[in-house]
Amino acid sequence: MPSYEEARAKVVEVVRERRRAAAAAERLEFASNPAGALGRVLAEDILADRHYPPFDRATRDGFAVRAADLAQAGAKLRLIGESRAGVAFAGTAGAGECVEIMTGAALPRGADAVVMQEHARVDGAFVFFEQPAKAGQNFVPAGKETRAGQVVVARGARLGYAELAMAAQVGRTQVLVAPRPRVAILPTGDEVVDVGQTPGPFQIRNSNSISLAAQVALAGGEAVRLGNARDELGELRRCIERGLEADLLILSGGVSVGKYDLVETVLRQLGAKFFFDAIAIRPGRPAVFGWCQGKPVFGLPGNPVSTMVTFELLVVPAIDLLAGREPQPLPFFKAKLARAVQQKAPLTHFLPALVSRDGDEVQVEELPWEGSGDIGAVVRGNCFLVVHASKLKLAAGEWVDVLPRAAGLGVQG
């Protein structure tokens, strides 16, 4: 049984080798609707149209000077004008002269330093300086951030607010983006009813369809919800065949070893090749990955927390690759354990947890939970505490690995 690291690496290896050529990229106008481009994968390099900054740009309010005039404290310079953002000083700062300057304004010709206004005193037409100045202080030289023609956002990048701001800065109103992978979602089980129905005493609503659709969207895919398939071979086969029309198929439930766990049976009938059918984690051990009719297929456990965890570990890198993006490392970070934790099963455990801040220190605490069906524990938390199989007993105060939820981590404190 592979570790989650080995299983994730196998997913990346198989999808990278076997994926089909992506559909044609599309040109997307984002200037009027930036939200429409969020999460899309860039299918071209974006280049700088000019140097940035395009001029020597002041980073402080103060006075533009020639550093040679301020070799020592106590210098006195004549004030000859001002430079403000968008309106540069037209003249040249000569020997013994200075120009008042605002943050973001262009450095006047002749000047090579900016002295902060806190270190100067204006007296009529003159400015007295308390400190010496050094050439290059308090301004960014033209082209220091970006050179004309330089790649500023690379092909394969996921477009977030910073990437879109950069595209806008270099004059782009449209971007070429890869198509979103279509991800079919098929929960299974006789006990599952639609979320809008009133369940019977032994039934549950189809929450996995909702959580998986949300996770697919966060990962950059387009969710195709197929409802629910009952535990009956004919119906399950028909639903799976529909799911295989998408770029990737996710099933939840029916992947364990029970009498009515039929997913693997049907997939084998359809010619699937399996690469693993369990991984050494809890929750989420009975996770399946295969390839069927040219498409990657995941069989995730039916319990909701198991489904959430295995999606983040296994499905996200497959969606990345299908979208033309290199898979990203899992975003683990370190936090200090607030209370001791001990697990028995020799697996890697992903426990619902809460990260908070105590002064300058980030702490994490396992939340009480009732197993992999307890969605409420995930809602009350903001991350998963990782207890590795190599060390199942952790003492309070130890630094441990934490996996944030995909929707973002809100650290309390």
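The table that follows gives values for the structure above.
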read-out: Any hit, the stretch 348-357, residues being assigned to a loop (DSSP other than H, G, I, E, B) and either within 23 Å of the chain's Cα centre (by Cα) or more than 28 Å from L212 (Cβ to Cβ) (or both); value: no
read-out: Cβ pairs under 7 Å, 6+ apart, first in the stretch 134-152 and among the aromatic types (F, W, Y), second modelled with pLDDT of 95 or more; value: F139/D56; F139/R57; F139/A58; F139/T59; F139/L107; F139/V114
read-out: Any pair with Cβ under 7 angstrom, 6 or more apart, that starts in the stretch 21-39 at a residue that is within 21 Å of A214 (Cα to Cα) and ends at one that is of a type in the set (A, V, I, L, M) and assigned to a loop (DSSP other than H, G, I, E, B); value: A37/L159; L38/L159; G39/L159
read-out: Meets criteria (at positive phi and at pLDDT 95 or above) for G220; value: no
read-out: Count - residues of the stretch 45-74 that are buried (at least 19 other Cβ atoms within 10 Å of the Cβ), outside any strand (DSSP E or B) and out of contact with any Gly (no Cβ under 8 Å at 6 or more places or on another chain); value: 2
read-out: Qualifying residue in the stretch 118-127 (condition: over 30 Å from R325 (Cα atoms) and in a loop (DSSP other than H, G, I, E, B)); value: yes
read-out: Members of the stretch 194-247 found to be aliphatic (A, V, I, L, M), touching a helix residue (DSSP H, G or I) at 6+ places or on another chain (Cβ under 7 Å) and farther than 29 Å from R158 by Cβ, listed by number; value: V195, A229, L233, L236, I240
read-out: Total residues in the stretch 19-35, condition part of a helix (DSSP H, G or I) and surrounded by fewer than 12 Cβ atoms within 10 Å (Cβ to Cβ); value: 1
read-out: Residue in the stretch 347-364 that is of a type in the set (G, A, S), exposed (fewer than 15 other Cβ atoms within 10 Å of the Cβ) and farther than 27 Å from A9 by Cβ present; value: yes
read-out: Residue count, the stretch 168-196 (criterion: surrounded by fewer than 20 Cβ atoms within 10 Å (Cβ to Cβ) and outside any loop (DSSP other than H, G, I, E, B)); value: 6
read-out: Qualifying positions in the stretch 75-96 - under 43 Å from the mean Cα position of the chain (by Cα), surrounded by 13 or more Cβ atoms within 10 Å (Cβ to Cβ) and aliphatic (A, V, I, L, M); value: A85, A88
read-out: Matching residues, the stretch 20-59, being over 23 Å from the mean Cα position of the chain (by Cα) and at pLDDT below 95; value: R20, A21, A23, A24
read-out: Inter-residue pairs, beta-carbon under 6 Å, first assigned by TED's automatic domain parsing to the domain that holds D261 and in the stretch 278-294, second charged (D, E, K, R), 6+ apart; value: A278/R285; V288/D277; G290/K273; W291/K273
read-out: Verdict on P201 being part of a strand (DSSP E or B) and modelled with pLDDT under 95; value: no
read-out: Failed item, numbered, when A9 is tested on (1) farther than 20 Å from V122 by Cβ; (2) touching a residue at least 24 places away in the same chain (Cβ under 8 Å); (3) surrounded by 13 or more Cβ atoms within 10 Å (Cβ to Cβ); value: (2)
read-out: Output for the stretch 229-275, where each listed residue is closer than 20 Å to S372 by Cβ and either surrounded by 22 or more Cβ atoms within 10 Å (Cβ to Cβ) or hydroxyl-bearing (S, T, Y) (or both); value: I250, L251, S252, G253, G254, V255, S256, Y260, V263
read-out: Residue within the stretch 308-323 that is at pLDDT below 95, closer than 30 Å to A22 by Cβ, assigned to a loop (DSSP other than H, G, I, E, B) and in contact with a helix residue (DSSP H, G or I) (Cβ under 6 Å, 6 or more places away or on another chain) present; value: no
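The values are calculated or read from the model by the stated rules, or taken from the named source; none is laboratory data. Just so you know, these numbers come straight off a predicted model, no measurement behind them. Using ideal geometry, Cβ is built from the backbone for each residue, glycine included, and neighbour counts are taken over all protein chains shown.
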